[in-house]
Amino acid sequence: MAQDQTLTNLQDRALDYADMTSSAFPVTARLTDYLNAGYAELYEILIASYGADYVRSTSTTTLVAGTEAYSLPTDFYKMLRVFKVEGSNRFDVKRFTLEQLDGFKTTGPASAGSLSLWYVPHLTKLSTGSDVVHVSVCTGWEDFIALHAAIRLLQREQNDASQLTAERDRVRQRIIENASPRDQGDSDQVEDAYGRWNYGEKPQSLLRYRFLGNQLVVIELSEAA
């Protein structure tokens, strides 16, 4: 992994790519912005490829009987899975659609409990020289960040950046091709991924969730009278 790559390392590499090592033109704050822009794009590539395999955070939401709306984690970006926790067991909670509410009474959870949220957090920007890239960035992939910043530096100085752009695009393609799948041990056989063949043995929760605005909304379905 490339977690030993610091912001200072990336700044030096970007200046080297742009042939501005001894130039007074680049502004450090602007260079940091360009690096973080490339870092954010790399982060999005990894999430789009196999988000849960590269970046995952967990959080517990305590349910209150009759209460529908709950705050999301402060670093929340995208949800991966939601589970209802019962003792040492957890059960998948499905996302509801607005159409599913037609013909059902909905309230908050009928009883107290807890949900386990598995989610993708927001990217933490690099700000100080000793800050390191995320552990998910494999060795060599950090070149994408440095190249992205170098291109922006050349464009800002109105210089030709086509050669570096081609190199960045080549690195991007290599990352996309190698980022997914991360686990080569995936089964080659048909799997009962949804538990359909043991459906009767698995408790089916009537809890449903959805994101509305900046809140997690949790409801429990029951047939309308």
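The values are calculated or read from the model by the stated rules, or taken from the named source; none is laboratory data. Bear in mind that the values here come from a model prediction, so they are computed numbers and not experimental data. Don't worry about glycine lacking a Cβ; one is built from the backbone with ideal geometry, like all the others, and counts go over all protein chains shown. All accessible areas refer to the heavy atoms of the entire protein, side chains included, with ligands and DNA or RNA removed. Shrake-Rupley method; radii C 1.70, N 1.55, O 1.52, S 1.80 Å.
State which residue is modelled with the lowest pLDDT when the search covers only the stretch 94-111 and only residues that are outside any strand (DSSP E or B) and hydroxyl-bearing (S, T, Y).
T97
Taking the condition of being of a type outside the set (A, V, I, L, M, F, W, C), touching a residue at least 24 places away in the same chain (Cβ under 8 Å) and open to solvent by 60 Å² or more (accessible area, probe 1.4 Å), how many residues in the stretch 54-88 meet it?
Count: 10.
Taking the condition of being under 26 Å from the mean Cα position of the chain (by Cα) and without any contact (Cβ under 8 Å) to a residue 12 or more places away in the chain, how many residues in the stretch 10-46 meet it?
Of the residues in the stretch 10-46, 3 are under 26 Å from the mean Cα position of the chain (by Cα) and without any contact (Cβ under 8 Å) to a residue 12 or more places away in the chain.
Within the bounds of the stretch 112-120, is there any residue that is in a helix (DSSP H, G or I), in contact with a Pro (Cβ under 9 Å, 6 or more places away or on another chain) and surrounded by 19 or more Cβ atoms within 10 Å (Cβ to Cβ)?
Checked against the condition, which is being in a helix (DSSP H, G or I), in contact with a Pro (Cβ under 9 Å, 6 or more places away or on another chain) and surrounded by 19 or more Cβ atoms within 10 Å (Cβ to Cβ), the stretch 112-120 yields no hits at all.
Pull out all pairs, ordered by first then second residue, where Cβ-Cβ is under 7 Å, the residues are six or more apart or on different chains, the first lies in the stretch 148-171 and is part of a helix (DSSP H, G or I), and the second is surrounded by fewer than 22 Cβ atoms within 10 Å (Cβ to Cβ) and of a type in the set (S, T, Y).
Listed pairs, sorted by first residue: I151/T165.
(1) at pLDDT 95 or above; (2) open to solvent by 60 Å² or more (accessible area, probe 1.4 Å); (3) not small (G, A, S): which one isn't true of H148, the others all being true?
Unmet condition: (2).
Checking D53 against (1) out of contact with any Asp or Glu (no Cβ under 9 Å at 6 or more places or on another chain); (2) under 30 Å from L207 (Cα atoms); (3) assigned to a helix (DSSP H, G or I), which single condition isn't satisfied?
(1)
Working carefully through the options A40, A14, A29, find the one that is open to solvent by 30 Å² or more (accessible area, probe 1.4 Å), at pLDDT 95 or above, aliphatic (A, V, I, L, M) and not in a loop (DSSP other than H, G, I, E, B).
Result of the check over A40, A14, A29: A40.
Taking the stretch 119-128 only, how many residues are of a type outside the set (S, T, Y) and at pLDDT below 95?
4
Out of D131, D169, report the one residue that is at pLDDT 90 or above, of a type in the set (D, E) and surrounded by 13 or more Cβ atoms within 10 Å (Cβ to Cβ).
When all the criteria are applied, what remains is D131.
Quick check on my filter: what residues within the stretch 51-85 are touching a Ser or Thr at 6+ places or on another chain (Cβ under 6 Å) and basic (K, R)?
K84
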